[in-house]
Structures are given as C-alpha cells and as structure tokens.
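The values are calculated or read from the model by the stated rules, or taken from the named source; none is laboratory data. Since the structure is predicted, the reported quantities are computational estimates derived from the model, not experimental observations. Counting neighbours? That spans all protein chains shown, and the Cβs are built from the backbone with ideal geometry, glycine included.
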Amino acid sequence: MGDQPHRRRFLECMGWAGTGLLWTASGGIASSITLDSALAAPHGGAKSAVKPFSFLQVSDSHIGFEKPANPDARATFREAVEKIKALPTKPDFILHTGDISQLSKDQEFDDADQILKEAGLTVFHVPGEHDMLDEGNGAAYLARYGKGSLGDGWYSFDHNGVHFVALVNVKALKAGGMGSLGQPQLEWLQKDLAGRSSSTPIVVFTHIPLWTIYADWGWGTDDSAQAMTLLKRFGSVTVLNGHIHQVIQKVEGNVAFHTARSTAFPQPAPGQGPAPGPLKVPAGELRNALGVRTVSLIRGGEPLAVVDASLAS
C-alpha cells in the first residue's frame, strides 16, 4: 500500500453493523483501497512493525433473550457467524465486547460458545453487565473466559505490532448507573502501557462506552478520563465497545471511538424514550434494524464511504 495515500487514524475497512465489525490494520493507519482489495490483495509498501491484518468485533449477543424485540437471539447470532464464515479472507480473530448471555446461565454461555466456534477463529472476550448476574457476581464468566486475566477479567495482548487492551467496566454495575474501571484496573493500565512506544497502535475494547454518550441512561464510564489521560501520548488509539446496541462514532484528538450494534435487538437512540432497553420494531423489520454495514476507504482524500445493507437484503 506504499503508493496509496495514508490516513493518520486506525480505522475500519469494513463492518457488519449488527452482525459484527471487520477491521483492518496496516502500519497503525488505514489506506485508501477498496474492500475487495483490502481483503484479497497482498499488502506491500514500506516495512513496518505492524503487519497488515483484520479482525472482527461482535457484541451483545444476549443468548437466552426470548422477548418480543427478538424471540430468538440464538438465530440472529448464528446469522452473524454465517456472515463471518462467508468472508473471502479469514480474519485473524474475533473480539466479543460483552453481554454474551442474557442471564449469565451456563447453558447460555455454552450455546454462545458453540455458535461462535463455527466461525473457526480465536475469540477474545470482555464481560457485559448481563454476564455478571450469577450468584458469584461474575464468577461464572471468569471461570469460562478469564484464564490468564487479572482482577475482574482485564488483560492485554499484542498482535502483529498492535497492542490490544481488554478493560472491564461493568463490575457491580448499578441499574442505570455509569460504568466504572476502578483504581486497581487503572493502575494496571498505567503499568501495562508504560514501556510501550508512543508509535504503537492501541486498540482498547470494553463493554460500556469510554465516553459519555448519555449519562441519564448510564451510557458512559465515570472514570474514563483517567484512562484517556494514560492513552493520550499514543498516536493511534481505537476504542471499541458495545452496550448501547447502535453505531455512534466520535474522534477526539488521537482517539477514535466506535460503538457496535447488538446481534440480538436494537435500543432507542440516546434520550429517545423514557429509558434504554430492547426496542421492538415492526414485524418483519428486525433484520433491517440489525443490518450489515460496509465501510470502504476510497482512493484519494475522500471521506469514508459507508454503505448499510440489512440482514434481510
């Protein structure tokens, strides 16, 4: 990609809005190429510590949810996995940004694992508040997904020159309350980032947004500013989350924030209604509400081209 214009931020090349998000990284920045080229063509250009790759984000599968907004969340999650399996080039791994289950039941976790296993990819998890409802306040989640993690399930890993940080902001979450990272996790984050070059691309993934979208509904994290201060020195930071079941994006300095839709049901836009929760759409339109999104990088200095297509199409 050495002969193509580069952009400063680490951005998505293509995504399934509602069925997952596919991201590509090259040198910590995105290049102006089409989706087909990004997935199929070999990447050349100048040598970099970051090797091109792609990964997927899925979120809020809510396995076990069986209410009017979606009578069968398992079925729509299977559709998401079928989309993943059909990709012409296999991504390196999947990030699941929480609310795997509806009620933290073993059978729900089992079903989610069996469905996602069909994708044939390694999966990295963070918990949502629905994964912390067992009597052990998250013990079931940690027993299944927390191997090698610290505290309430936070951890980090490196892949092809990109540093990934999994943060937990749903522990002991009060109804309608803001997310919280807590001092022990923030101290760990400071140590985790301390020895890394400021040129290292960082991807943070968590459940509740790390910026305040709508405080009245608890759509934010009360101590996120402390985390953002620690990330300020890095030239490329991408923050991925779920929780709000809709796509909202924000760029602030060096940080690009991206929320993801659920694979189970939509929620109302911030402040549109008395409270958040499953949003029932007219009969036959659920898959339109979940949708498929393609984001392509266009040659030259044009903005990202965003094309949304529903699961029903």
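Could you tell me how many of the residues in region 192-235 are of a type in the set (Asp, Glu) and over 16 Å from Leu167 (Cβ atoms)?
Within region 192-235, the first condition is being of a type in the set (Asp, Glu), and the residues that meet it are 192, 216, 222-223.
Next, only the ones that are over 16 Å from Leu167 (Cβ atoms) stay: 216.
Looking only at that region, the number is 1.
Just to be sure, is Leu231 of a type in the set (A, V, I, L, M, F, W, C) and at pLDDT 85 or above?
yes
Out of region 99-122, which residues are crowded, with 16+ Cβ neighbours inside 10 Å and within 18 Å of Ala166 (Cβ to Cβ)?
Within region 99-122, Asp99, Ile100, Ser101, Phe109, Ala112, Leu116, Leu121 meet the criteria.
Please enumerate the residues belonging to region 183-214 that are over 20 Å from Asp60 (Cβ atoms) and under 21 Å from the mean Cα position of the chain (by Cα).
Gln185, Leu186, Leu189, Asp192, Leu193, Thr200, Pro201, Ile202
Which condition breaks for Ala256 when tested against (1) in a strand (DSSP E or B); (2) modelled with pLDDT of 95 or more?
(2)
Any residue in region 163-171 that is modelled with pLDDT of 95 or more and of a type in the set (D, E, K, R)?
Taking every residue of region 163-171 in turn, none turns out to be modelled with pLDDT of 95 or more and of a type in the set (D, E, K, R).
If you check every pair at least six apart or on different chains, which have Cβ atoms under 6 Å apart with a residue in region 123-139 that is among the charged types (D, E, K, R) and buried (at least 24 other Cβ atoms within 10 Å of the Cβ) first and a residue that is in a loop (DSSP other than H, G, I, E, B) and at pLDDT 95 or above second?
Short answer, once both residue conditions are applied: Asp131/Ile100; Asp131/Ser104.
Tell me the residue from Gln246, Gln272 that is part of a loop (DSSP other than H, G, I, E, B), free of Cβ contacts under 8 Å to residues at least 24 places away in the same chain and within 19 Å of Asp99 (Cα to Cα), please.
Gln246
Would you mind stating whether Val170 is touching a residue at least 12 places away in the same chain (Cβ under 8 Å), within 16 Å of His96 (Cβ to Cβ) and part of a strand (DSSP E or B)?
No.
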